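The values are calculated or read from the model by the stated rules, or taken from the named source; none is laboratory data. Just so we're clear, the structure is a prediction, and the values are computed from it rather than from any experiment. Positions of Cβ are generated from backbone atoms using ideal geometry, with glycine treated the same way; all protein chains shown enter the neighbour counts. These area figures cover heavy atoms from the full protein model, side chains too; ligands, DNA and RNA do not enter into them. Shrake-Rupley method; radii C 1.70, N 1.55, O 1.52, S 1.80 Å.
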Amino acid sequence: MNIYVGNLAYAVTDDDLRDAFSAFGEVSRANVIMDRDTGRSKGFGFVEMPDNSQAEAAINGLNEKPLSGRNIRVNEAKPREDRPRRPRY
């Protein structure tokens, strides 16, 4: 299951996400989304967990709980909608 994690502190790393979610089971991938221009975190990320029951436990266990000083928002990721690319100037 792909899990969306929002309201991340800018200091949170991929390893921090992996550590938080691995308390609930196997984590196949943890990724904080970075701004390509500044290299700074965008404040959200995604975690993939192969076992759906472990993923559900992680969502229920971590939603609105503090991680690095901020209460994170955790839910199942929705498929990305197709949208036109914005021009880069």
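Compared with the direct C-alpha span, the chain from residue 34 to residue 60 gains 6.8 nm at full extension, assuming 0.36 nm per residue. If you take all other residues with their beta carbon under 15 Å from the beta carbon of residue 36, and give Lys and Arg +1 and Asp and Glu -1, the sum is +3. Normalising the average separation of contacting C-alpha pairs (under 8 angstrom, six or more residues apart) by the number of residues puts the relative contact order of the chain at 37 percent. Each principal axis of the Cα cloud of the chain was taken in turn, and the coordinate range along them, longest first, works out to 43, 29, 21 Å. For the chain, the per residue solvent-accessible surface stands at 69 Å², with DNA, RNA and ligands left out and a 1.4 Å probe.
Out of the total accessible area of the chain (probe 1.4 Å, heavy atoms of protein only), what percent is carbon and sulfur? Please report the intermediate quantities before stating the final value.
Values: 2800 of 6180 Å².
For the chain, the apolar C and S fraction of the accessible surface comes to 45 percent.
Scalar couplings 3J(HN,Hα) for region 5-22, obtained by applying the Karplus form with A = 6.51, B = -1.76, C = 1.60 to θ = phi - 60°, are 10, x, 6, 6, 5, 5, 7, 5, 10, 4, 5, 4, 4, 4, 4, 5, 7, 5 Hz; x denotes Gly and Pro.
Just to confirm a number: summing +1 for Lys and Arg and -1 for Asp and Glu over residues other than residue 77 whose beta-carbon lies under 14 angstrom from that of residue 77, what do you get? With Lys, Arg at +1 and Asp, Glu at -1, the net is 0.
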